[in-house]
Amino acid sequence: MYSRNCEIKPGIEFPDNMQRVALGVEYNGAPFNGFQKQASTANTIQAALEAALSKVANEPISLVCAGRTDAGVHASEQVVHFDTLAQRPAKAWVQGVNTQLPFDIRVHWSKPVSPDFHARFSATARTYRYVIYAAATAPACFYQSTTWTSYQLDIERMQEAGQYLLGEHDFSSFRAAYCQARVPVRHIYNLRFYRSGAFIIMEVKANAFLHHMVRNIVGTMMDIGRGAREPAWVEELLQLKDRKRASPTAKPWGLYLVKVDYDAQFALPQTPAGPIFVGPAP
């Protein structure tokens, strides 16, 4: 008997009366204990989404996401998919689901997709942005939307350091000690720093990321930006392959999943990368 768990196994036929739906989701991660639903963890984004979708579908819904963000981490476009027997118009999976969600989570688009689409395994790249507010005083309104530092950061130094990370490397120095990935090798396609108004943004695109990889890179870059280390230190850290030798992990609040890339055959909606308060990138 077919089990609707969003994982179609090889050799198992996708039922004719079932459809797979993809959603583009935005959320403020600050009030939540991460994306992934776990028996030991309450108040997760996945649990809220599944509860809302189940009400609209009038049946239990289980989600798969493009990337499981940690507690406090945000997304301007997380991509998820689910399988359902319910026949609903596209707006039901958007407006209808949004009426059932807390205000910190919003579905922006929905699209029926083929059974071979998978939110995680079909993704070819992911892009994150990390937003830093460097000023003498911490902001009140953006306290959990950005990471504040009282240091003045030199983005030219950070940009120079970031070039050492481009390409395929062993990122052991930049992953959490309890990261469960079997292989620490990842490929970074682009990494850049730029200013947008009062904010400094690091944008990084890779085929995939290790646990805490972006936040660990940011922690190291901020030490370089304030002059505590030289840009070439990044090359040394790559060679050391030792997490203990790099800088402390940056806070989660400045981190946003902003884009997930898929093959054009899936024809998913294309939306501008966020977060919206920093405006378009130069």
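Only the coordinates and a few stated rules stand behind these numbers; no lab work does. If you're wondering where the values come from, they're calculated on a predicted model, not measured in any experiment. Note: ideal-geometry Cβ built from the backbone for every residue, glycine included; neighbour counts use all protein chains shown.
Quick one: divide the alpha-carbon radius of gyration of segment 125-256 by 2.2 N^0.38 Å and tell me what you get.
That works out to 0.99 for segment 125-256.
What distance in nm separates the simple spin-label points at A267 and Q163, each placed 7 Å from Cα in the Cβ direction?
4.2 nm
Using the 10 angstrom Cβ neighbour count as an exposure proxy, how do L85, L153 rank, fewest first?
L85, L153
Given the Cα-Cα distance of T41 and A232 and 0.36 nm per residue of separation, how much length would full extension add, in nm?
Using 0.36 nm per residue and subtracting the Cα-Cα distance, I get 64.7 nm.
Taking amide H positions as placed in the peptide plane 1.01 Å from N, state which residues far from G67 in sequence (5 or more) or on other chains have amide H under 5 Å from it.
Residues meeting the amide H criterion: V79.
What angle do you read, to the nearest 10 degrees and between 0 and 90, between the alpha-carbon axis of helix 45-57 and the longest principal axis of the chain?
For helix 45-57, the angle is close to 20 degrees.
Just to verify a number: FRET efficiency for A136 and A71, C-beta to C-beta distance, R0 = 30 Å, to 0.05?
Computed FRET efficiency for A136 and A71: 0.60.
Once both labels are modelled 7 Å past Cα along the beta-carbon direction, what's the F121-N190 spacing in nm?
A separation of 2.9 nm, rounded to one decimal place.
Kindly identify segment 114-189 as rounded, prolate or oblate by the Cα gyration tensor criterion: order the square roots of the eigenvalues as a ≥ b ≥ c, call it rounded if a/c is under 1.5, otherwise compare a/b with b/c, prolate if a/b is larger, else oblate.
prolate
At a Förster radius of 22 Å, what calculated FRET efficiency corresponds to the Cβ-Cβ distance of L240 and Q180, to the nearest 0.05?
0.55
May I ask you to compute the full-extension gain from Q87 to D154, defined as 0.36 nm times their residue separation minus their alpha-carbon distance, rounded to one decimal in nm?
So the extension gain works out to 18.8 nm.
Roughly how many nanometres apart are two label points built 7 Å out from the Cα toward the Cβ at H211 and M18?
With each label placed 7 Å out from Cα toward Cβ, I get 3.0 nm.
For the chain, what's the radius of gyration and Dmax over Cα atoms, in angstrom?
So, for the chain, Rg and Dmax equal 19.6, 62 Å respectively.
How charged is the neighbourhood of G34? Take every other residue with its Cβ under 10 Å from the Cβ of G34, and add Lys/Arg as +1 and Asp/Glu as -1.
+1
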